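Accompanying notes for the structure given below.
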Amino acid sequence: VVTKSLSFVGEGHSEYSTGARLIQNTTATNHFTVSPILAGCSVSWDNLTMTANGGSGGSCLYVGKGCNSVRIRGCTFGTPSALAINLQGSDDVQIDGNLFDVSATNCISLGTSTAANVVSNCSITNNSFFQISVKAILVYNVTGLLIQGNRVYKNPSTPADPVCFVDAVNTLPYQVENVIISDNKISNLNCLLLAKSPKQLVISGNTVSNFGAGSGATLSGIELTGAPENISITGNVFSGSFDTKSFYSDSACSSVIANTNISGNLF
């Protein structure tokens with residue numbers, strides 16, 4: 001349990017090879033629980049390997065409300081029981097160069113359904129998500145989010161639906177604002193983005209192959225609901241087969257989307 005500013009440095013990637021690792025032996029517990037005594041606590045994890053040992057519940061990194069300058073770099077998260085990273089409310093967050101390997105649930109969660117628990121100024125960059133079974137990134141309450149340069153891959157022999165890269169409708173979000181999803185490479189997933197009432201959303205330069213992963217999909221590739229505003233979807237390459245669904249759908253929106261630009265994409 002971390003209550004003040006600390007930095008943790010490990011020996012590097014070692015999940016299935018030699019080297020040090022932290023193993024979750026007790027279910028429904030966290031590897032690290034950050035519960036700051038005072039607002040403004042700064043924490044960082046570099047080059048650590050964390051794995052679960054069966055069971056369910058708990059996160060590798062649980063960061064409570066009130067942290068600033070959260071850095072998670074070069075870490076390996078192997079088979080996490082519930083979430084690899086659970087950020088309840090933080091500012092100035094960098095999640096860069098990590099490996100999220102074989103997750104039976106979800107990987108990263110940002111904010112909560114409580115209005116005060118918001119994650120702001122967050123970047124999720126240059127990570128690898130391999131064999132994710134549900135959602136890679138859950139967005140509850142966020143403003144200022146960059147998701148860029150990540151690689152997301154799922155074995156095509158396993159069902160892809162409802163696997164989703166970014167899910168921003170898991171619960172009613174208080175805000176999903178100023179979000180950029182760009183230059184990611186995604187294979188064999190059903191959905192790039194689900195979002196309810198996003199504002200200032202940019203989706204650009206992504207390469208998505210085997211989108212929809214064949215017949216039977218229940219989600220569209222990009223699916224917007226609620227009352228979105230200022231949406232730009234440009235310069236992406238989408239290939240795949242959705243059966244009865246679409247590459248893009250806003251049919252469930254409650255109003256006409258204000259300021260929309262969908263251009264220069266390859267389907």
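Side notes on the structure shown:
- Residue count for segment 54-85, restricted to those that are part of a strand (DSSP E or B) and buried (at least 19 other Cβ atoms within 10 Å of the Cβ): 14
- Extreme residue, modelled with the highest pLDDT, among residues of segment 130-152 that are open to solvent by less than 10 Å² (accessible area, probe 1.4 Å) and over 18 Å from Ile203 (Cβ atoms): Asn141
- Leading residue by the ranking (most open to solvent (accessible area, probe 1.4 Å)) among those in segment 1-21 that are within 25 Å of Asp92 (Cβ to Cβ) and of a type in the set (A, V, I, L, M): Val1
- Any hit, segment 37-50, residues being in a loop (DSSP other than H, G, I, E, B), in contact (Cβ under 8 Å) with a residue 40 or more places away in the chain and either among the basic types (Lys, Arg) or out of contact with any helix residue (DSSP H, G or I) (no Cβ under 6 Å at 6 or more places or on another chain) (or both): yes
- Criterion: out of contact with any Leu (no Cβ under 9 Å at 6 or more places or on another chain) and within 19 Å of Leu145 (Cα to Cα) - qualifying residue of Asp101, Asp91: Asp91
- Residue in segment 183-192 that is open to solvent by less than 50 Å² (accessible area, probe 1.4 Å) and of a type in the set (D, E, K, R) present: no
- Of the listed requirements (1) under 24 Å from Gly144 (Cα atoms); (2) more than 19 Å from the chain's Cα centre (by Cα), Gly10 misses just one: (1).
- Number of positions in segment 31-48 that are under 10 Å from Cys67 (Cα atoms) and either surrounded by 22 or more Cβ atoms within 10 Å (Cβ to Cβ) or among the basic types (Lys, Arg) (or both): 3
- Residues within segment 103-127 that are open to solvent by 40 Å² or more (accessible area, probe 1.4 Å) and within 18 Å of Arg73 (Cβ to Cβ), tallied: 2
The values are calculated or read from the model by the stated rules, or taken from the named source; none is laboratory data. Quick caveat, the model's predicted, so the values are computed rather than measured. Glycine gets a Cβ as well: all are built from the backbone with ideal geometry, and neighbour counts include every protein chain shown. These area figures cover heavy atoms from the full protein model, side chains too; ligands, DNA and RNA do not enter into them. Shrake-Rupley method; radii C 1.70, N 1.55, O 1.52, S 1.80 Å.
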